[in-house]
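Before we start, here is the structure in question, set down as C-alpha cells.
Read the figures in this text as sums done on the coordinates, not as results from a lab. Just so it is clear, the structure is predicted and the values come from calculations on it, not from any experiment. In this analysis, Cβ positions are derived from the backbone assuming ideal geometry, glycine residues included, and neighbour counts consider all displayed protein chains.
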Ligand code: GBH
C-alpha cells in the first residue's frame, strides 16, 4: 500500500495511542446465548420499517464465536488499543439483579486475549443496548435507569478492573437521547422531545453515579471518561439569526453535555431555549455535583461538521409551532456513503475549540471513520482509496489541532471491521477490514494496511 502521508501526521509523538473501535451489538451476534436477554435494539430491529432491509444483530459478525481470530486480526493492524463495549443484557440480563457469570465470562476471555497480544482493552460500558426490561420500566427518561446503570457498571468494574485501565461510561448520549427518544431514528424509536431531555439528564446522572463508584473502588491507576459525538457548528452567514441558530444547535448537541460534566451546571442559554419549548431539565438537589466528576479522558467521536441558518427556504425565521428555525446548510463538499460531508477542517476547529472552552481535559478520538461503497475483488480485497484519504486527512486534522494547543492523546478508527450499522443495517460499511457476511471471512482493506504502516511510521519502529 502507498504510505501517502500528510506531513502533519509526522508531528504526532511516538507515545500517541492508536486503536480501532467496535461496539457489542454491532459485531457480537449470539443474541440468545449464555443468558443474554433482548435489548431495545433487538426490539427495534423487529419493528417493521425501522431498519434497512429488516436487518438485525442476531448474527452480525459472529464475533462472540470468533473472538480469538478477531483479536489476532487487531494485533495484525499494529494498534496498541482496542475499544469495545460490554453488552448490558449479557452481563445483567433484564438490567437488574445479580451478575450473569456466563455472559461476563466472554469479556473476561476477551480482555485476557487482548493482553496476551499486548493490546490495551478500552471498555465502553454502554453503547446503546439498554435491556428491554428497563425500557419497559421507563427507559432513560426515567430517573431509576441512572441508578441501574451505576449498579451494572460496578458488576463489570469488579470483574475486569484488575486488568482494564481505561473506562468510558457512555457512548454518545446525544444519540441515545435525541435519536432514540425524540427523532425515533434509533431504538427505542420514541418521538417525544420532553422525554429526550429527561433522558439527557438521566444519562449524565448515570455517568456521574457510575464514575463516582468506580473511582472509589479503583486500586491501580485507572482512567475514567465519557464519549460524546460532536461536530463543529458554525453560522451559515454572519447574520444575527444565523449565529443564533448555530448557538442553539451547538447548545443542544454539545454544551448541554459538556457544561454539566466539566463546569457543574447546564448552559443558561440552553435552559432558556428549552423553557421556550415548555421543557425543564429534571435536576434534583445534588445531581449536578454527581454529574461533575473529574474526567481523565474525554472521548471525541467525529464524523462531520455543520453550518446553520435561522431562516428556512421560504424566508421564515419561525416554524409552524412558532419555534425558531435551525436549518442545516450544506457546504457543498464531497460526501461519504452516509451522505455526510467530508470536513477535516471542522475536526481541527472542534478540537481547538474544546481545548479552549474546557481546558485541562485531555482528549482521545474514540471514533472517526467513514462508510464508502466498497467493491471487493474475487479474493475479497477492497482497494478503498477513498477511506484511506478520509483517514489521512482526519488524522492530519488531529495533528494540526495538537499543534494549535488541543491536548489529544490518541486516535481510534471506526471501525475494526464492517458491521451492523444500526438503522442502515449491513448496507453501510465502515470497516478497515472487509466482512463477507455469507462466510464471515475477514479481509483487511487497503486502508487497514495504510493505517498499520502509518502507525509504524509515527512510532518510528
Ligand atoms: C457513531 O455514531 C456510533 O458510535 C457508531 O456505533 C456508529 O457505527 C458510527 O458512528 C457510524 O455511524 O447527517 O451530516 O448531520 C455516529 C453519530 C450522529 C454521526 C449524527 C453523524 C449526523 C451527520 N452520528 N451525525 S449529518
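Pull out the extension gain between residue 240 and residue 144, defined as 0.36 nm times the separation in residues minus the alpha carbon to alpha carbon distance; nm, one decimal. Mind dumping the intermediate values first?
Values: separation 96, 0.36 × 96 = 34.56 nm, distance 4.12 nm.
My answer for the length gained is 30.4 nm.
Something else: Which of the peptides 193-206, 374-387, 229-242 is most tightly packed, and how do the rest follow, judged by the mean count of other Cβ atoms within 10 Å per residue?
193-206, 229-242, 374-387
Which value in deg cm²/dmol, rounded to the nearest 500, describes the helix-derived mean residue ellipticity at 222 nm for the chain, given -39,500 (n - 2.57) per DSSP H run of n ≥ 4 and division by the residue count?
-11000 deg cm²/dmol
Let me ask something else. Given the convex hull over the Cα atoms of the range 42-190, what projected area results after averaging over all orientations, in nm²?
9.3
Could you state the number of Å between the C-alpha centres of the range 104-153 and the range 27-48?
A separation of 14 Å, based on Cα centres.
Taking N as the number of residues in the range 211-338, what is its alpha-carbon radius of gyration divided by 2.2 N^0.38 Å?
Relative to the 2.2 N^0.38 Å estimate, the range 211-338 comes out at 1.30.
Here's something else I'd like to know. Run the quick spin-label model on residue 133 and residue 357: label points 7 Å from Cα toward the beta carbon, then report their separation in nm to one decimal.
My value for the distance between the label points is 4.0 nm.
Mind listing the Cα extents of the range 104-223 along all three principal axes, in Å, largest one first?
That works out to 46, 27, 22 Å along the principal axes.
For the chain, what does the equivalent ellipsoid look like in terms of its semi-axes, each the square root of 5 times an eigenvalue of the Cα gyration tensor, given largest first in whole Å?
For the chain, the ellipsoid semi-axes come out as 31, 28, 23 Å.
Could the peptides 358-371, 325-338 be put in order, highest first, of the mean number of other beta-carbon atoms found within 10 Å of their residues? Don't jump to the answer; show the numbers that get you there.
Values: 358-371: 21.0, 325-338: 15.0.
Highest to lowest by the protection proxy: 358-371, 325-338.
Right, something else. Can you put 39, 15, 76 in order of Cβ neighbours within 10 angstrom, beginning with the fewest? Let's see the in-between values first.
Details: 39 28, 15 8, 76 14.
Result, fewest neighbours first: 15, 76, 39.
Tell me, in nm to one decimal, what length is gained between residue 10 and residue 218 on full extension, where the rule is 0.36 nm per residue of separation less the Cα-Cα distance?
Working it through step by step, the gained length comes to 71.3 nm.
Sticking with this structure for a sec: Assuming a ≥ b ≥ c are the square roots of the Cα gyration tensor eigenvalues, decide whether the range 311-399 counts as rounded (a/c under 1.5), prolate (otherwise, with a/b larger than b/c) or oblate.
In terms of gyration-tensor shape, oblate.
Let me ask something additional. Calculate the radius of gyration of the Cα atoms of the range 187-244 to one decimal place, then report Dmax, the largest Cα-Cα distance, as a whole number, both in Å.
Reported Rg and Dmax, both Å: 18.0, 53.
For the range 419-457 and the range 236-312, compute the distance between their C-alpha centroids and round to whole Å.
So the separation of the two Cα centres works out to 34 Å.
Let me ask another. Over the residues of the range 8-71, compute the C-alpha Rg and express it relative to 2.2 N^0.38 Å.
1.58
Tell me, in nm to one decimal, what length is gained between residue 327 and residue 378 on full extension, where the rule is 0.36 nm per residue of separation less the Cα-Cα distance?
13.9 nm
Dividing the Cα convex hull volume of the range 357-461 by residue count, how many Å³ per residue is that?
With only Cα atoms used, the range 357-461 gives 122 Å³ per residue.
Additional query: What ratio of Cα Rg to 2.2 N^0.38 Å holds for the range 1-117?
Rounded to two decimals, the normalised Rg is 1.31.
Another question about this same structure. Quick check on the exposure proxy: order 182, 266 from fewest to most C-beta atoms within 10 angstrom.
So the ranking, lowest neighbour count to highest, is 182, 266.
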